[in-house]
Amino acid sequence: DGGITQSPKYLFRKEGQNVTLSCEQNLNHDAMYWYRQDPGQGLRLIYYSQIVNDFQKGDIAEGYSVSREKKESFPLTVTSAQKNPTAFYLCASSVLLAASIYEQYFGPGTRLTVT
Amino acid sequence: GQQVMQIPQYQHVQEGEDFTTYCNSSTTLSNIQWYKQRPGGHPVFLIQLVKSGEVKKQKRLTFQFGEAKKNSSLHITATQTTDVGTYFCAGYSGSARQLTFGSGTQLTVLP
């Protein structure tokens, strides 16, 4: 079964703790993305990676960090520096061509609550 | 940077009525994509438009890409309760090299 998996589905943390969200894909996609979604809002790009060992900041990268050591995996760490970490986090992947972009496949998401 | 605006934010319709959501970009787009997110779910790709003035249909859904490649619309004919969800447009430009999502239109269909 091809797809994207994110774990866990729900995550609870105390303020001041770092937390890492998992994202794995077996679609053989080069590009992977992390988005944040707040209630009633669209998706905002946190980080993206077009190739292993390389990643770029998105629109709201402050307080987050990522790594891309393997093509299949793109974990996101929400650090204590992120002022409003409670949100729904979505990981996505896509085929990426130089002049265009293909559709993005999304994982089921992780709902993070920080108190 | 690139901005994509989407209206309306919310739309309630009676089952059987039509529905339209509009998307406008601050910059010319290479292509535009549409996604649907069911309540509690994740976005699922619906379609991609690439050509200026392109119109594509999927059963009761009609998608249009403007002549200037800066706006797009999604029209649903005779809505059904299965159409409930949030519809997002997402624009891609070569200069940005990333998809920029609109804020979405949340559709409620009343039986």
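Confirm whether B:LYS57 is without any contact (Cβ under 8 Å) to a residue 24 or more places away in the chain, away from chain A (no Cβ under 11 Å) and not in a loop (DSSP other than H, G, I, E, B). When the stated conditions are applied, B:LYS57 passes them.
Are any residues in region A:57-115 closer than 18 Å to A:THR20 by Cβ, outside any loop (DSSP other than H, G, I, E, B), in contact (Cβ under 8 Å) with a residue 40 or more places away in the chain and aromatic (Phe, Trp, Tyr), and if so, which ones? The answer is A:PHE88, A:TYR89.
Quick one: in region A:39-59, which of the residues that are closer than 20 Å to B:SER103 by Cβ and more than 12 Å from the chain's Cα centre (by Cα) is surrounded by the most Cβ atoms within 10 Å (Cβ to Cβ)? First the steps, then the outcome.
Going residue by residue through region A:39-59, those that are closer than 20 Å to B:SER103 by Cβ are A:39-46, A:48, A:58-59.
Retained after the next criterion (residues that are more than 12 Å from the chain's Cα centre (by Cα)): A:39-42, A:59.
On the way: A:PRO39: 6, A:GLY40: 11, A:GLN41: 15, A:GLY42: 21, A:ASP59: 15.
So, considering only residues that are closer than 20 Å to B:SER103 by Cβ and more than 12 Å from the chain's Cα centre (by Cα), the one surrounded by the most Cβ atoms within 10 Å (Cβ to Cβ) is A:GLY42.
From the list A:THR115, A:THR77, A:THR110, which residue is β-branched (Val, Ile, Thr) and surrounded by 15 or more Cβ atoms within 10 Å (Cβ to Cβ)?
Details: A:THR115 fails: surrounded by 15 or more Cβ atoms within 10 Å (Cβ to Cβ); A:THR77 fails: surrounded by 15 or more Cβ atoms within 10 Å (Cβ to Cβ).
Just one listed residue meets the conditions, A:THR110.
Residues that are surrounded by fewer than 19 Cβ atoms within 10 Å (Cβ to Cβ), in a loop (DSSP other than H, G, I, E, B) and away from every other protein chain (no Cβ under 13 Å) within region B:67-111 comprise B:GLU67, B:ALA68, B:LYS70, B:THR77, B:ALA78, B:GLN80, B:VAL84, B:PRO111, listed in sequence order. For residues that are closer than 15 Å to A:ASN28 by Cβ and aromatic (Phe, Trp, Tyr), scanning just region A:67-115, find the one that is modelled with the highest pLDDT. The selected residue is A:PHE74.
Does region A:1-20 hold any residues that are surrounded by 15 or more Cβ atoms within 10 Å (Cβ to Cβ) and within 14 Å of chain B (Cβ to nearest Cβ), and which are they?
At the first step, the residues of region A:1-20 found to be surrounded by 15 or more Cβ atoms within 10 Å (Cβ to Cβ) are A:4, A:6, A:11, A:13, A:19.
A:ILE4, A:GLN6, listed by residue number.
Looking at (1) out of contact with any Leu (no Cβ under 8 Å at 6 or more places or on another chain); (2) closer than 26 Å to B:TRP34 by Cβ; (3) of a type outside the set (A, V, I, L, M, F, W, C), which is the only condition A:GLY109 fails? Going through the list (1) out of contact with any Leu (no Cβ under 8 Å at 6 or more places or on another chain); (2) closer than 26 Å to B:TRP34 by Cβ; (3) of a type outside the set (A, V, I, L, M, F, W, C), A:GLY109 breaks only (1).
Within region B:14-22, does at least one residue satisfy the condition of being farther than 21 Å from A:ARG44 by Cα, among the polar types (S, T, N, Q) and either buried (at least 21 other Cβ atoms within 10 Å of the Cβ) or more than 14 Å from chain A (Cβ to nearest Cβ) (or both)? Looking through region B:14-22, at least one residue is farther than 21 Å from A:ARG44 by Cα, among the polar types (S, T, N, Q) and either buried (at least 21 other Cβ atoms within 10 Å of the Cβ) or more than 14 Å from chain A (Cβ to nearest Cβ) (or both). The sole residue among A:ASP59, A:ASP30, A:ASP38 that is within 9 Å of chain B (Cβ to nearest Cβ) and either out of contact with any helix residue (DSSP H, G or I) (no Cβ under 8 Å at 6 or more places or on another chain) or of a type in the set (A, V, I, L, M, F, W, C) (or both) is A:ASP59.
The values are calculated or read from the model by the stated rules, or taken from the named source; none is laboratory data. On a predicted model such as this, the values are computed, not experimentally measured, just so you know. Don't worry about glycine lacking a Cβ; one is built from the backbone with ideal geometry, like all the others, and counts go over all protein chains shown.
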